[in-house]
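Nothing in this text is a laboratory measurement; each read-out follows from the coordinates by a stated rule. Quick caveat, the model's predicted, so the values are computed rather than measured. In this analysis, Cβ positions are derived from the backbone assuming ideal geometry, glycine residues included, and neighbour counts consider all displayed protein chains.
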């Protein structure tokens, strides 16, 4: 039964889905220490690295109407998350000086509850993120995955999976993260 692909329903994280987002992140094994703020934090926010502060910063963004990502639900229960938002809502993801990033969205982070991993949800999450970005006016989507043998940043996905979904490598961000792009035009 574990290998069966669950039927997922996708919802944007908004003020209306905040409690679902909160329950997913605070569940056992959830990313409650980070709240997906590592790449979003301003210089001032980065001074506060505790989970409660990061939760507050994320909540402010969500209740302010900023797109931050998608939740995946199985039978009405949130079981998956991906961080998908306009690139300019993150701090510099590539480590390079960038000039025009209008219309570019970034796919940065994934979390899937342990009991739902290895069931094809990563691809479903990514395809839902592509559709979400396109519906919201994105013309291109960037991702920052790592090689399968990377000891870190695995929460950003793996290069072969993105290649399989039509992303093209355009460079490196640091020594591990690949910069991969998929046009949405």
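Comparing 82, 109, 34 in a Gaussian network model of the chain (Cα springs below 10 Å), the most mobile by mean-square fluctuation is 34.
A compact globular protein would have a Cα radius of gyration near 2.2 N^0.38 Å; the ratio found for the chain is 0.98.
For region 1-70, the normalised intensity computed at q = 0.15, 0.17, 0.25, 0.26 Å⁻¹ comes to -0.53, -0.66, -1.17, -1.23 (log10 of I(q)/I(0), Debye sum over alpha carbons, equal scatterers, no solvent).
What translational diffusion coefficient, to the nearest whole µm²/s, does region 131-185 have by Stokes-Einstein, given a Kirkwood radius computed over alpha-carbon pairs, a temperature of 25 °C and 0.890 mPa s viscosity? Don't jump to the answer; show the numbers that get you there.
Values: Rh = 11.5 Å.
Calculated translational D: 213 µm²/s.
Ordering 25-33, 151-159 by mean Cβ neighbour count within 10 Å, with the highest value first, yields 151-159, 25-33.
Given the alpha-carbon gyration tensor of region 98-142, what are the semi-axes of its equivalent ellipsoid in whole angstrom, ordered largest first, with each equal to the square root of 5 times an eigenvalue? Numbers along the way, then the final one.
Numbers: eigenvalues 131, 26, 8 Å².
Semi-axis lengths for region 98-142 are 26, 11, 6 Å.
Between residue 96 and residue 123, the FRET efficiency from the beta-carbon distance, with R0 = 22 Å, is close to 0.20.
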